[in-house]
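Laboratory data are not the source of any read-out in this text; all were calculated from the coordinates shown. Bear in mind the structure is a predicted one, so any value in this text is a computation, not a measurement. Reconstructed Cβ throughout: ideal geometry from the backbone, glycine too, with neighbour counts over all protein chains shown.
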Amino acid sequence: MPLHVSRRAIMRASLAIAGLASLPQLANANGETTEGPAPDGLIDIEWKLTELAGIDEIVGTAPTLTVRDDGSAGGNTGCNIYFAEAAVSGRRISFSGIGQTFIACDDPVMNQEKEFLAALELVKGLQLGAESLDLLDKDDALLLRFAAS
């Protein structure tokens, strides 16, 4: 005997499944938040770079980062303006489509800019403190540390 299901029932089931699939996972097995909305205190704050893995000392003007609610991000590299798309979900963050202006600066600043933008491409996670933002790689190693400015 064939099973008869109304189009309405199929549509309701499809919407319910789509709704469940779109719900963020709020905690992993360790109870850590891994997905969900961006953490409070991250969005629309200008963050000033204080530490860059592989660079002993920040030279010149410290690079900045601002993550916006619309998924865009950007700031100053210390020499050029840069822009990117930011995907934020709980403690996870990544940057794509990174672009920049092309103004030449002194070699130490240009080298720092190169390292800064390369590190942004490797970012996969974040740790937000009261006045600090750490951007981490896929293994949760520190790549970039910022202070709220």
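Side notes on the structure shown:
- Integer Hz, Karplus 6.51/-1.76/1.60 couplings in order for segment 123-132, x for Gly and Pro: 5, 10, x, 9, 9, 10, x, 4, 10, 9
- Charge context of V67, other residues only, Cβ under 12 angstrom, K/R +1, D/E -1: -4
- Amide H to amide H distances under 5 Å link E46 with S149, where only residues 5 or more positions off or on other chains count and H is placed in the peptide plane.
- Backbone geometry of segment 65-80 corresponds, through the Karplus equation with coefficients 6.51, -1.76 and 1.60 at θ = phi - 60°, to 3J(HN,Hα) couplings of 9, 10, 9, 9, 4, 7, x, 8, 8, x, x, 10, 7, x, 9, 10 Hz, x marking Gly and Pro.
- Here the simple spin-label model places points 7 Å from the Cα toward Cβ, and for A53 and D70 these points are separated by 3.1 nm.
- Of the chymotrypsin sites (Phe, Trp or Tyr not before Pro) found in segment 67-149, those that fall in a DSSP loop while having at most 12 other beta-carbon atoms within 10 Å are F102.
- Applying both filters, DSSP loop and at most 10 other Cβ atoms within 10 Å, to the GluC sites (Glu not before Pro) of segment 51-105 gives E57.
- Cα gyration tensor, segment 28-148 - rounded (a/c under 1.5), prolate or oblate: prolate
- Under 5 Å, built H, 5+ apart or other chain: amide partners of R91: T34, E35
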